[in-house]
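Reading through the structure tokens given below for one structure.
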């Protein structure tokens, strides 16, 4: 299935990518599985995305966790803890 | 001794007096004794000033209590509980 | 040193904010509170008259402002309290605080308005439709709001 | 319905106050908070860049504003959060609330800024003298400030 990925703040800078569309193999159907699949693509994904203690996610603009399901067409975002306000 | 008395809000209205100078006899040397002396002057003082649960006082612009001492030349104010802000 | 003004003139929040920023230097947070004459539910208030004790009012406010400046490490503070007759929807009081961080500015603003309610000698009289008027009673809730700052 | 704006434009407190008063009707209290770019002690910050997640930011703020409006019975509420590069001393965020009484307005303002800090997807990058830059780390204190609203 095809999903849209967004990266923000230092994740965006270190990946050199703000947004991409990826085609996921069967079985990659949660945020956690997606992180594993992205890390397996090699550097810089492996290093940046396995710092999981510092990475937050959202699915379709709602905060998500590793167990959150993802579906075809979803917008999935990865970012550091929030520092606005 | 001579002291200056100020009245505020509904005390002022009910006494019909905002400010007066009084000469106190010896022994009237606390706020409580002053209230007693004023009440003994008759109406409207007696009625207005014996509603003591609702009356607050200040001596020289600091909040006071019945036991606060008063001295010649003091400015003594009586008023209801505060409702500003 | 806090800026304090007590008197009949109205105030403009934008102007007061600009003055505060000029006094405050390098800060991260500004908080404000404005009290407004409100038409109470059930009783059609048309205006409010604020009486005060000239001299004592300014002293009392200066004392609480000095305590707030120290306790919350404020960079600047402005307090304006109006007196006289104020129509419904008119502004009564402004508390404006500047600090390094949000917690200090917000808490100092709450502290100051809570104390103004119980320790600055102002008295409110409500003017009702039909020419009636009545002095506002003190609220027990105001005493307890101020008291919470003594235990914390 | 709260007024919410996210974008690079600056705001004017006086204008926002006037707009709030126009929306709010009969109220007794207005509280505000403004966050400002501060030169941190020790590190000479020259500016701050605020990145956000367009779409999700507005959704997140609308949700917390709706909760605040209900929880504190607000009569009106305006939230403005700037994005992009803001120089030192520039305004970052405005929270402005109107209510019947002071406690509701002040608590709603604290509630909203506490939640904005942890639940609206903004990220701050500090620009330092000499061209260096660094992303600001999240503060554990911000999480606990927001969490206190869940137990009360």
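All of the numbers you see were taken from the coordinates with simple rules; none came from a lab. Since this is a predicted model, take the numbers as computed values, not measurements. Note that we place each Cβ from the backbone using ideal geometry, even for glycine, and neighbour counts take in every protein chain shown.
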(message) Between helix D:13-24 and chain D, what is the angle of the helix's C-alpha long axis to the longest principal axis, kept within 0 to 90° and rounded to the nearest 10?
(response) 30 degrees
(request) Over the whole of A:70-81, what's the average partner chain Cβ count within 10 Å per residue? Rounded to a whole number, please. (result) 2
(request) Can you list the distances in nanometres, one decimal and ascending, from the residue C:101 label point to the identical position in each other copy, with the point 7 Å along Cα to Cβ? (result) 3.0
(message) Order these by the 10 Å Cβ neighbour count, fewest first: C:128, D:74.
(response) C:128, D:74
(message) Return the chain D residue and its Cβ-to-axis distance, rounded to the nearest Å, for the rotation relating D to C.
(response) D:14, 1
(message) Cα atoms only: what Rg and Dmax, in Å, come out for the protein assembly as shown?
(response) 28.2, 101
(request) Shortest first and in nm with one decimal, please list how far the residue B:46 label point sits from its counterparts in the other copies (point 7 Å along Cα→Cβ). (result) 10.0
(message) I want to verify a result. In a Gaussian network model of chain B, Cα cutoff 10 Å, which of these has the top mean-square fluctuation: B:62, B:29, B:74?
(response) B:62
(message) Quick check: pseudo-label points 7 Å beyond the Cα along Cα→Cβ at residue C:134 and residue D:137, how many nm apart are they?
(response) 5.9 nm
(message) Output the 0 to 90 degree angle, nearest 10, between the alpha-carbon long axis of helix D:140-151 and the longest principal axis computed from the alpha carbons of chain D.
(response) 10 degrees
(message) Let me check I have the definition right: for region C:12-135, take the eigenvalues of the Cα gyration tensor, multiply each by 5, take square roots. What are those semi-axes in whole Å, largest first?
(response) 30, 15, 12
(message) Under a crude label model (7 Å from the Cα following the beta-carbon direction), how far is residue B:72 from residue A:54 in nanometres?
(response) 7.8 nm
(request) Report, to the nearest 10°, how far helix C:102-119 tilts away from the longest principal axis of the Cα atoms in chain C, using its own Cα long axis and a range of 0 to 90°. (result) 40 degrees
(request) Sort shortest first the distances from residue D:133 to its counterpart in every other copy, using label points 7 Å along the Cα-to-beta-carbon line, and give them in nm. (result) 6.2
(request) Report the FRET efficiency, 1/(1 + (r/R0)^6), for residue D:150 and residue A:40, where r is their Cβ-Cβ distance and R0 is 30 Å, rounded to 0.05. (result) 0.20
(request) With r as the distance between the Cβ atoms of residue D:5 and residue C:40 and R0 = 35 Å, compute the FRET efficiency 1/(1 + (r/R0)^6) and round to 0.05. (result) 0.60
(message) How far, in whole Å, is the closest Cβ of chain A from the axis that maps A onto B, and which residue does it belong to?
(response) A:85, 14
(message) Roughly how far apart, in whole Å, are the Cα centres of region B:27-46 and region D:78-152?
(response) 57 Å
(message) Suppose R0 equals 35 Å. What FRET efficiency, 1/(1 + (r/R0)^6) with r the Cβ-Cβ distance, do residue C:63 and residue D:71 give to the nearest 0.05?
(response) 0.55
